[in-house]
1. Output the number of the condition that Gly240 fails; it satisfies all remaining conditions of (1) part of a loop (DSSP other than H, G, I, E, B); (2) outside the structural domain of Ile286 (by TED's automatic domain parsing).
2. Out of (1) in contact with a helix residue (DSSP H, G or I) (Cβ under 8 Å, 6 or more places away or on another chain); (2) surrounded by fewer than 16 Cβ atoms within 10 Å (Cβ to Cβ), what's the single condition that is false for Thr205?
3. When only residues in segment 93-109 that are under 18 Å from Leu137 (Cα atoms) and touching a residue at least 12 places away in the same chain (Cβ under 8 Å) count, which is surrounded by the most Cβ atoms within 10 Å (Cβ to Cβ)?
4. Considering each of Arg221, Arg261 in turn, give the residue that is at pLDDT 95 or above, among the basic types (Lys, Arg) and either part of a helix (DSSP H, G or I) or more than 21 Å from the chain's Cα centre (by Cα) (or both).
5. For Met1, state whether it is under 23 Å from Ala281 (Cα atoms), buried (at least 18 other Cβ atoms within 10 Å of the Cβ) and in contact (Cβ under 8 Å) with a residue 24 or more places away in the chain.
6. Take segment 152-191 and flag every residue that is in contact with a Ser or Thr (Cβ under 6 Å, 6 or more places away or on another chain) and either among the small types (Gly, Ala, Ser) or surrounded by fewer than 16 Cβ atoms within 10 Å (Cβ to Cβ) (or both).
7. Do we have Thr58 as touching a Phe, Trp or Tyr at 6+ places or on another chain (Cβ under 8 Å) and free of Cβ contacts under 8 Å to residues at least 12 places away in the same chain here?
8. What are the residues in segment 226-254 that are under 21 Å from Phe13 (Cβ atoms) and either in contact with a helix residue (DSSP H, G or I) (Cβ under 6 Å, 6 or more places away or on another chain) or modelled with pLDDT of 90 or more (or both), if any?
Amino acid sequence: MKLLFVTDPLSAFKIYKDTTFSMMREAARRGHTLMVCEPKHLMWCHGSRELPGAGRVTASVRDIELTGDPDVWYRAAQASGLGRPQVLSEVDAVLMRKDPPFDSEYFYATHLLEQAERDGARVFNSPRALRDHPEKLAILEFPDFIGPTLVTRDAADIRAFHAEHRDIILKPLDGMGGMGIFRVREDGLNLGSISETLNKFGAQTVMVQRFLPEIVQGDKRILVIGGKPVPYCLARIPQGTEVRGNLAAGGKGVAQKLSARDQEIAEALGPVLAARGLLFAGLDVIGDSLTEINVTSPTGFAEIAQQAGFDAAAVFVDAVEAALARS
């Protein structure tokens, strides 16, 4: 198969823990061909003799091979910034693995990828599904699995929610890696200032959730591939005085088997998400409560493989191959 990864710059990869690298390594092990580009390299043009594509979505790609050397981990046929044109519908699969934030440029990239689908490209995850499942708001569809949650711009709503639940978490809808998350305890200290910071004096919507003390056991990332849960999750455990378990915020990742509740949540959501074109999703669970649904570039393959010996990358490539075989 010819696989095109739409991702962040290769220079930013930390291959000892990067899930996209794990996917690439497994695909290469099976003899598949690897290409890479960034969202900024996507292009569509109609009515030009000078530009490639002839009305089909094209990318400036680099053909890469993995070297097995952790210091110089790939070899590219093209220098950075000097890719070759590749029509997306002429590769076997396009794997959208760009990290958040889900900003305007990400949004535009999903529209270009959806046009590529109209040309005949197979894109995972589905561009439309990426747009339809904002990672924090996607949980609202599944109220049976979430804790007390508020989505609002209104500072009075936030104060009322705090008055009822006494210990709350506030976070921006477009954050990642634990960025912009605040805890306000029973004393309400700085609630007004935090609300103003996050909601921009009513101009921006925020999410507020009751604080879940089970966070001390970890913010669990449950991986769902092809609608089925991976049997191990990655619990991101806060360290020291930190309330956030995110690895980017210093949390410690511990692989562990799914609990009965984890399994229940994953088995309920997995088929629904897969039917919408989300081949790979990451469910965030604290205690017994679903807190987020990650669809842009879920991670955890490397840590689960290293600690539990379970090869989620192989399961993922199996799922891609099976999806292509059905088409």
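1. For Gly240, the failing item is (2).
2. If we test Thr205 against (1) in contact with a helix residue (DSSP H, G or I) (Cβ under 8 Å, 6 or more places away or on another chain); (2) surrounded by fewer than 16 Cβ atoms within 10 Å (Cβ to Cβ), just (2) comes out false.
3. Among those that are under 18 Å from Leu137 (Cα atoms) and touching a residue at least 12 places away in the same chain (Cβ under 8 Å), it is Phe102.
4. Going through Arg221, Arg261 in turn, the sole match is Arg261.
5. So Met1 does not fit the description; no.
6. Matches in segment 152-191: Ala155 only.
7. no
8. Hits for segment 226-254 are Leu234, Arg236, Gly253.
The values are calculated or read from the model by the stated rules, or taken from the named source; none is laboratory data. In this text the structure is predicted, and so the values were computed from the model without any measurement. With ideal geometry, Cβ positions are generated from the backbone for all residues, glycine too; neighbour counts draw on all protein chains shown.
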